[in-house]
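What follows is a set of notes on a single structure, which appears directly below.
The values are calculated or read from the model by the stated rules, or taken from the named source; none is laboratory data. Keep in mind that what you see is a predicted model, and the values were worked out from it rather than measured. Cβ: placed from backbone, ideal geometry, glycine included. Neighbour counts: every protein chain shown.
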C-alpha cells in the first residue's frame with residue numbers, strides 16, 4: 001500500500017487566495033482526520049470523518065476553513081480566503097476502526 | 001477535560017545510554033494510549049500502543065512504554081539510545097466520548113541523542 005497520500009507537498013500563496021489541500025487515505029480505512037501542526041500550537045485536530053461523514057469539526061478555526069469527503073478515497077481541506085496565520089503543516093491521517101492512525105507526509109502551507 | 005501532557009520540551013541523552021520520554025494523561029474511562037515519532041519533513045509514524053493487558057508494551061525500533069494507572073503515566077523508554085533515534089516524539093490518547101472517537105496529542109518532546 002502506498003500509504004496516505006497528500007498533495008501538494010508545498011503550497012505558497014498570497015493572502016486572500018483560495019487554497020485546497022488534498023488527501024487520499026489508505027484503502028479500506030473508515031476514519032479520516034485532518035490535523036494542523038505549528039510551532040506555537042503543536043498538533044491540532046481540525047476535523048475527522050467516519051465513513052465519509054464529518055463527525056467532529058469543532059477544531060476548524062473559523063468559517064474560512066471547510067472540509068469534504070465526497071467518497072472513501074478522497075478528501076479536501078479548503079481555506080478561503082487564506083491568511084498569513086494559516087501558515088502551517090497540514091496532515092491527513094486515516095485509520096481502520098480504532099487501529100493506530102497512518103499519517104501522510106503533510107502539506108506545508110505558506111501564506112504571504 | 002481529556003488531555004495529554006509531555007512535561008519536557010527536549011531530552012538529551014548520550015548514545016548507548018537509556019532514554020525516557022515522559023507522558024501523563026487525563027481521561028475518563030480506560031485510556032487508549034499511543035506513541036508516535038516524527039522525523040524532519042515527514043508525517044508521524046506509529047511506535048506502540050497500550051489498550052489493555054501487560055503494562056509494559058513493546059514497539060518498533062526497540063522502544064517500549066510502561067503504563068502506570070496509579071500515576072496516569074505512559075513513559076516511553078529504550079535501553080540503549082541511537083543517534084538515529086533523534087526525532088520529535090508525541091504521546092497521544094484516543095478519546096471516546098459522546099459518540100466521538102479522536103486522537104489527542106501532547107505537545108511533543110524533541111529527543112537529541114549525542115554521539
For the stretch B:61-86, enumerate the residues that are within 12 Å of the chain's Cα centre (by Cα) and either surrounded by fewer than 17 Cβ atoms within 10 Å (Cβ to Cβ) or under 23 Å from residue A:57 (Cβ atoms) (or both).
B:64, B:66, B:77
Is it true that residue B:62 is at positive phi and either more than 14 Å from chain A (Cβ to nearest Cβ) or modelled with pLDDT of 95 or more (or both)?
yes
Number of positions in the stretch B:96-113 that are within 17 Å of residue B:46 (Cα to Cα) and either facing chain A (nearest Cβ under 10 Å) or over 15 Å from the mean Cα position of the chain (by Cα) (or both):
7
With respect to residue B:84, is the statement that it is more than 10 Å from every other protein chain (Cβ to nearest Cβ) and assigned to a helix (DSSP H, G or I) true?
yes
Filter result (more than 9 Å from chain B (Cβ to nearest Cβ) and under 27 Å from residue B:109 (Cα atoms)) within the stretch A:44-55
A:46, A:47
For the stretch B:10-39, which residues satisfy the criterion of being over 13 Å from the mean Cα position of the chain (by Cα) and within 11 Å of chain A (Cβ to nearest Cβ)?
B:39
The listed residue being within 11 Å of chain B (Cβ to nearest Cβ) and out of contact with any helix residue (DSSP H, G or I) (no Cβ under 9 Å at 6 or more places or on another chain), out of A:22, A:41
A:41
Any chance the stretch A:82-99 includes a residue that's outside any strand (DSSP E or B), buried (at least 20 other Cβ atoms within 10 Å of the Cβ) and within 14 Å of chain B (Cβ to nearest Cβ)?
no
Taking the condition out of contact with any strand residue (DSSP E or B) (no Cβ under 7 Å at 6 or more places or on another chain), within 21 Å of residue B:103 (Cα to Cα) and modelled with pLDDT of 95 or more, does residue A:53 pass?
yes
In the stretch A:56-68, residue nearest to the other protein chains (Cβ to nearest Cβ) [restricted to those that are within 18 Å of residue A:84 (Cα to Cα) and modelled with pLDDT of 90 or more]
A:60
Going by the conditions given, is residue A:27 out of contact with any helix residue (DSSP H, G or I) (no Cβ under 9 Å at 6 or more places or on another chain) and either under 28 Å from residue B:33 (Cβ atoms) or within 14 Å of chain B (Cβ to nearest Cβ) (or both)?
yes
Within the stretch B:72-81, which residues are under 19 Å from residue B:13 (Cα atoms) and not in a strand (DSSP E or B)?
B:79, B:80, B:81
In the stretch A:103-112, which residues are out of contact with any helix residue (DSSP H, G or I) (no Cβ under 7 Å at 6 or more places or on another chain) and surrounded by 21 or more Cβ atoms within 10 Å (Cβ to Cβ)?
A:103, A:104, A:106, A:107
Being surrounded by fewer than 16 Cβ atoms within 10 Å (Cβ to Cβ), over 17 Å from residue A:95 (Cβ atoms) and within 14 Å of chain A (Cβ to nearest Cβ) is the filter here, so list the residues in the stretch B:45-59 that pass it.
B:52
Residue list for the stretch A:55-81, filter: more than 13 Å from residue A:35 (Cβ to Cβ) and surrounded by 20 or more Cβ atoms within 10 Å (Cβ to Cβ)
A:69, A:79
